[in-house]
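Just below is one structure, and these are the notes that go with it.
The values are calculated or read from the model by the stated rules, or taken from the named source; none is laboratory data. Fair warning: this is a prediction, and the values are worked out from it, not measured in the lab. All Cβ positions, glycine included, derive from the backbone under ideal geometry; neighbour counts span all protein chains shown.
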Amino acid sequence: MRYHRPGLDVAAHTLLIIGALAFMLPVILAVLASTQSPGTLFSGTLPLSFGTSGLDHYMTLLTEPVRGVGVPAWRLMLNSLLMALGIAVGKLTIAMLAAYALVFFRFPFRRCCFWLIFMTLMLPIEVRIVPTYGVVAELGLLDSYPGLVLPLLASATATFLFRQFFLTLPPELMEAARIDGAGPWRFFIDILLPLSRTNIAALFVIMFIYGWNQYLWPLVTITSADHATLVTSLKRLTIATDGTPPWHLATAMTVLALLPPVVVIILMQRWFIKGLVDTEK
Amino acid sequence: MATLELRRLRKRYAGGAEVLHDIELNIDHGEMIVVVGPSGCGKSTLLRMVAGLETISSGEIVINGECVNAQEPAERDIAMVFQNYALYPHMSVFDNLAYSLKNRRTPKDEISRRVNETAQLLDIAALLDRKPRQLSGGQRQRVAMGRAVIRQPQVFLFDEPLSNLDASLRVQMRQDIRALQKRLDITSLYVTHDQTEAMTMADRLVVMNAGRIEQIGTPMTLFRKPATRFVAGFIGSPAMNFLSGNAGDLPGWLPRVPEETTEPLTGDISIGIRPEHIALTTPNAGQIDGHIELVEPLGSESLVHVRPTGHESRLVVRHVGTEQPDAGQRTGLNLQGPFHLFDHHGQRLATRPRLADTTCSMEP
Ligand SMILES: Nc1ncnc2c1ncn2[C@@H]1O[C@H](COP(=O)(O)OP(=O)(O)OP(=O)(O)O)[C@@H](O)[C@H]1O
Ligand SMILES: [Mg+2]
């Protein structure tokens, strides 16, 4: 929709700019703070300009073991990245396959399955953390990548969204593919997957950020520095030393923690827009 | 080239009533069979069962002498054109056409040769790089046809392929499909609810009603000798007029119901008269007079709705010529025959009515 009213444009832009600033301000402050020398930060006032330390704190974090954790930040980022990618890819795969089965196949207790999946929406990891811990411990997966990722894989939300999308496709599409000699897998790969591009891109971003920001589960299951994630380590960094926390490092690490999700959003945004611009149907 | 036989085919949907009852149909090599009937009579169900998309409750589907009940759609060597075309939206026209060949592991150069051949045949060669959404309705229809043609299947199945097109395109496409089908000589089953489409395209016509076949025959056979009252009313446009009444008690102005019926006429019967077999004359010159209630001009002819004096029901008369009678006028009606007689079950009575004059009364 587009109205030709200059007043409306000005008002809309003012609101947008205020909103954007409100979101950006903490980020800007963190970026600025991460370039200040420790002394400036402890003085109590935060100057609104870049400090003298430049990228020194980042270099420290990335090259030297992080205090209170024991491995450099690049290792923490790698662990977080593996976890986030594992969760996002795993969730999308499982959700798509589950939705595929629910929409395109007739099998006993289909509706029942759907409602069971749907009900797990009410059981986030926080609620089931004790039994989940038990299961992961039994499997001997504590303090490992699989143990980190597996319990977070199933996603009722993504299954539900894919199901709704598949339901909008004409059933004749599958019938035409069947007549054209495509089996269930071929249909999934050749037709459903490309048609779901936009949905996949959108959900990937959401799931990646969800995985990247996981806090409670890694905190509980990960004990060694080798598998520690960035977000949980941030907390350790700030409580590790006696006296004042190293805020200059903490702010730098916060900025590091921001980077991968931002990169993912920027990359995926192209896909969204492409998907939205040439609407298929 | 193939034969297709349907033997005592039945379909019952899970938890539903039976929608097809004992369908028997034999289709010859290269024959175009058009199945026509009102909405919900089971045409699509029948087609989808032949395609293998719907399970068979009982009976057999036989292609080329081989029962295909247990075969997957792809194994039956059929091709289907859907009403909404069901083109793959994300694939170019080329890939849409090529998809079935790719799935059958056809070599690349043969695929491109056959796609180009088919595109030429259907006049869509210029569109090969486009996506379906960049095509007009008629072009999509052609691509859907191409997707069916490219594999040179044993049997073509069409489910109302033209109903999403505008009237003039529909006329064009039905000629094209007919020509293509004859040229490729592929046995076809074509479903429509449009009786003009059915009449013009069919080698033989199958009229269905409520899950049963009412009659099978060439379009003209069905038009001249409808086996049931349903077929009589369904085939021909405008629809046949029906007068019903007791056999022993028919209206005097009606041309007398024949003596030549094989059995004496009893009970309630219907007499069918096509609109083109009634002529308007000056008042008192025909068998009965009436009031013109409505005139629908169609150009070269008009449909004149006349209420015979003293009767409730209206008769539609096909009046050829550009000059139109006025509504409200009195007119004479000349009923010329042939007439079609149906018993109270709607079955045709074997007879040839003759003009005569008995007295009777007519019920609306
Ligand atoms: N999946 C289904 N489950 C239950 N009943 C069905 C199903 N599909 C169709 N029917 C019923 O079967 C009957 C025949 O349907 P069908 O689609 O074959 O009709 P049709 O002759 O193709 O009608 P139209 O001209 O409107 O397409 C209808 O009464 C319909 O309600
Ligand atoms: Mg139908």
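Of note:
- Criterion (under 25 Å from B:Tyr88 (Cα atoms) and assigned by TED's automatic domain parsing to the domain that holds B:Ser92) met by exactly one of B:Leu157, B:Leu205: B:Leu157
- Boolean, B:Gly146 is within 14 Å of another protein chain (Cβ to nearest Cβ), among the small types (Gly, Ala, Ser) and either within 16 Å of ligand 2 (Cβ to nearest atom) or within 32 Å of the chain's Cα centre (by Cα) (or both): yes
- Residue match in segment B:51-65 (condition: within 16 Å of ligand 2 (Cβ to nearest atom), within 21 Å of A:Ala177 (Cβ to Cβ), among the hydrophobic types (A, V, I, L, M, F, W, C) and assigned to a helix (DSSP H, G or I)): yes
- Residue count for segment B:162-199 satisfying the condition of being in contact with a Gly (Cβ under 8 Å, 6 or more places away or on another chain), in a loop (DSSP other than H, G, I, E, B) and closer than 21 Å to B:Ala119 by Cβ: 3.
- With respect to the conditions (1) within 19 Å of B:Met208 (Cα to Cα); (2) within 12 Å of ligand 1 (Cβ to nearest atom); (3) of a type outside the set (S, T, N, Q), B:Leu53 lacks only one, and its number is (1).
- For segment B:30-50, a tally of residues being near ligand 1 (Cβ under 9 Å from one of its atoms) and among the acidic types (Asp, Glu) returns 0.
- Filter pass, A:Ala225 being surrounded by fewer than 20 Cβ atoms within 10 Å (Cβ to Cβ) and under 20 Å from A:Thr168 (Cβ atoms): no
- Filter result (surrounded by fewer than 20 Cβ atoms within 10 Å (Cβ to Cβ) and not in a helix (DSSP H, G or I)) within segment A:172-205: A:Gly181, A:Gly183
- Members of segment B:16-32 found to be away from ligand 2 (no atom under 16 Å from the Cβ) and either under 29 Å from B:Arg178 (Cα atoms) or not hydrophobic (A, V, I, L, M, F, W, C) (or both), listed by number: B:Glu18, B:His21, B:Asp22, B:Glu24, B:Leu25, B:Asn26, B:Ile27, B:Asp28, B:His29, B:Gly30, B:Glu31, B:Met32
- Within this structure, B:Tyr13 fails the test of being within 16 Å of ligand 2 (Cβ to nearest atom), within 14 Å of chain A (Cβ to nearest Cβ) and crowded, with 22+ Cβ neighbours inside 10 Å.
- Single unsatisfied condition, B:Pro73 versus (1) within 16 Å of ligand 2 (Cβ to nearest atom); (2) buried (at least 22 other Cβ atoms within 10 Å of the Cβ): (1)
- Considering segment B:149-185, the residues that are buried (at least 21 other Cβ atoms within 10 Å of the Cβ) and aliphatic (A, V, I, L, M) include one that is farthest from ligand 2 (Cβ to nearest atom), namely B:Ile150.
- Residues in segment A:1-50 that are in a loop (DSSP other than H, G, I, E, B), among the β-branched types (Val, Ile, Thr) and touching a residue at least 12 places away in the same chain (Cβ under 8 Å): A:Thr35 alone.
- Of the criteria (1) part of a loop (DSSP other than H, G, I, E, B); (2) more than 14 Å from every other protein chain (Cβ to nearest Cβ), which one B:Ala86 fails: (2)
- Matching option when the condition is within 25 Å of the chain's Cα centre (by Cα) and in a loop (DSSP other than H, G, I, E, B), among B:Gly328, B:Gly310, B:Gly299: B:Gly299
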